[in-house]
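Worksheet for the structure shown next.
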Amino acid sequence: MNRNRPKRLQALHGIGVDKMGNIADKVKTKTSQGGPLADKLLRLENLDVDIPPDSIVQTLTSDAATNDDDNSYLPFLGQIDLRNAVAEHVSSMTTGAIRYNGEANCIITAGGLSGILNTLLATVEEGDGVLMTEPVYAGLLNRVRLAGGIPHLVPLQFNPGEPWCLDREKLREVVESPDNRITAMLLMSPSMPTGAYLDREDWTLIAALCVKHDLLLVYDAAMERLLFDDLPVIHPASFPGMANRTITVGSASKELRMIGWRVGWIVGPEHIMQDIGLVSMANVVVPVGIAQRAAKEALQMSKTTIVDYVRELQLRRDLCLKELSGLPVGKPSGGWSLLLRVDTLGWRADAAAGALLEQGACVTPMVGWGSNEEAQYIRIVFSNEPQDRLAGLGRIVRQALLK
């Protein structure tokens, strides 16, 4: 059978995480000590976490599995108790600048990235420019392309051992170039995979440009509270003129450690949410019913429980930075991962990942994660390994890459 490949697939790239994860699961190479490498392999390639959800999550999920109301196609846009809890949560992130309503302003989705895609499908026309920062997660790029948008990437500035920072002048240049046809921004803070944090000056400029050029802002809030060094949450909808042009997409996966539950949400102005609701019902139809009560409880509890969780993540980040001291690493201000720049060490990212695997660490090479320059980096996830296992990471990296 001869058929043309749909055009929307031609610009898509694999994310590499699946490939490296499969390799890690199957590897059976023997170490010098004679044990299987698979038993000792550092799993640094996938955005998982080894810290379990709050205990109430398992209990409520188990109960929901035998509750007929939760085994239903209804309600299509999510259980109202969860929608109300999400609306209250996002309102609090804006420090009360906006009061969202669960029924009018919130939709529950099958994970955060499902929410990103539904939002883009409802708001982006074929050929519209969508501004993003890079390094960027390939899954976000792919969703922009699937929706017919054209990504325009603004670089985050890399300085070894220092936090990433936004190139504000480049941001302004990309927005104001008529050739780019920018109609929306898709931004994340802290971003994935860099852990870059957008500060108040960054958001002030972003808001001013959105208002001046009538742009939509899709704010990926999957990790917004996973911030280190006492950095404050800054929600862009709280800035002047942004309430009616900001769509917040959140998730239970990262902040609530409920990756497998596949619960996300979209919060935004009512007139936009109506179209997003239509897309949601035409796409996944309904989010996972048996997961929603647990997500509601976990979200409400997270006001207090997230403190210890973030503290542990920061300890892991600090340990990784200590282990990799002197190497070209970007310091993440939040999130679950950091980037090591390997081209300055004489490596391509895919080759460096292979060398690290031989030494017992599985990482993701960032090939296809943006412009060609993304292939300079490998991503190291520190959320899925405890501190005692992360100790020694520096020795592994140096043995693999400093030959």
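Go through region 91-127 and report how many residues are hydroxyl-bearing (Ser, Thr, Tyr), in contact with a strand residue (DSSP E or B) (Cβ under 8 Å, 6 or more places away or on another chain) and outside any helix (DSSP H, G or I).
Residues that pass the stated criteria total 2.
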Item to check | Index of the failed condition, residue 247 passing every other in (1) among the hydrophobic types (A, V, I, L, M, F, W, C); (2) over 29 Å from residue 289 (Cβ atoms); (3) touching a residue at least 40 places away in the same chain (Cβ under 8 Å) | outcome: (2)
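Against the condition modelled with pLDDT of 95 or more, in contact with a strand residue (DSSP E or B) (Cβ under 9 Å, 6 or more places away or on another chain) and among the β-branched types (Val, Ile, Thr), how does residue 206 come out, does it pass?
Numbers: modelled with pLDDT of 95 or more: yes; in contact with a strand residue (DSSP E or B) (Cβ under 9 Å, 6 or more places away or on another chain): yes; among the β-branched types (Val, Ile, Thr): yes.
Considered against the rule, which asks whether it is modelled with pLDDT of 95 or more, in contact with a strand residue (DSSP E or B) (Cβ under 9 Å, 6 or more places away or on another chain) and among the β-branched types (Val, Ile, Thr), residue 206 comes out as yes.
Hey, any hits in region 365-374 for a residue that's under 16 Å from residue 160 (Cβ atoms) and over 18 Å from the mean Cα position of the chain (by Cα)?
As a first pass, look at region 365-374 and keep what is under 16 Å from residue 160 (Cβ atoms): 373.
This time we only want the ones that are over 18 Å from the mean Cα position of the chain (by Cα), so: 373.
Within region 365-374, one or more residues are under 16 Å from residue 160 (Cβ atoms) and over 18 Å from the mean Cα position of the chain (by Cα).
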Item to check | Unique match (being open to solvent by less than 20 Å² (accessible area, probe 1.4 Å), within 25 Å of the chain's Cα centre (by Cα) and closer than 20 Å to residue 285 by Cβ) among 41, 113, 82, 77 | outcome: 82
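Would you mind stating whether residue 356 is assigned to a loop (DSSP other than H, G, I, E, B), among the aliphatic types (A, V, I, L, M) and not assigned by the TED database to the domain that holds residue 199?
Numbers: assigned to a loop (DSSP other than H, G, I, E, B): no; among the aliphatic types (A, V, I, L, M): yes; not assigned by the TED database to the domain that holds residue 199: yes.
For residue 356, the condition - assigned to a loop (DSSP other than H, G, I, E, B), among the aliphatic types (A, V, I, L, M) and not assigned by the TED database to the domain that holds residue 199 - is not met.
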Item to check | Failed item in (1) of a type outside the set (S, T, N, Q); (2) over 29 Å from residue 82 (Cβ atoms); (3) in contact with a strand residue (DSSP E or B) (Cβ under 9 Å, 6 or more places away or on another chain), with residue 323 passing the rest | outcome: (3)
Item to check | Single residue of region 340-360 satisfying the filter (more than 14 Å from residue 17 (Cβ to Cβ) and within 22 Å of the chain's Cα centre (by Cα)) that is surrounded by the most Cβ atoms within 10 Å (Cβ to Cβ) | outcome: 340
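Going by what's in this entry, would residue 103 be described as in contact with a helix residue (DSSP H, G or I) (Cβ under 7 Å, 6 or more places away or on another chain), open to solvent by 10 Å² or more (accessible area, probe 1.4 Å), of a type in the set (D, E, K, R) and free of Cβ contacts under 8 Å to residues at least 24 places away in the same chain? Step through it out loud before you land on a result.
Values: in contact with a helix residue (DSSP H, G or I) (Cβ under 7 Å, 6 or more places away or on another chain): yes; open to solvent by 10 Å² or more (accessible area, probe 1.4 Å): yes; of a type in the set (D, E, K, R): yes; free of Cβ contacts under 8 Å to residues at least 24 places away in the same chain: yes.
Yes; evaluated as a whole, the condition is true for this residue.
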Checklist entry - Of all residues in region 123-168, which are among the small types (Gly, Ala, Ser) and either open to solvent by 20 Å² or more (accessible area, probe 1.4 Å) or free of Cβ contacts under 8 Å to residues at least 60 places away in the same chain (or both)? => result 127, 129, 147, 149, 161
Checklist outcome for this item: Those residues of region 128-171 which are of a type outside the set (A, V, I, L, M, F, W, C) and assigned to a helix (DSSP H, G or I) amount to 139, 142, 143, 145, 168, 169, 170
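The values are calculated or read from the model by the stated rules, or taken from the named source; none is laboratory data. Because the structure is predicted, anything quoted here is derived from the model rather than measured. For neighbour counting, all protein chains shown are included, and Cβ atoms are generated from backbone atoms with ideal geometry for every residue, glycine included. Areas reflect the complete protein model, heavy atoms only, side chains present, ligands, DNA and RNA absent. Shrake-Rupley method; radii C 1.70, N 1.55, O 1.52, S 1.80 Å.
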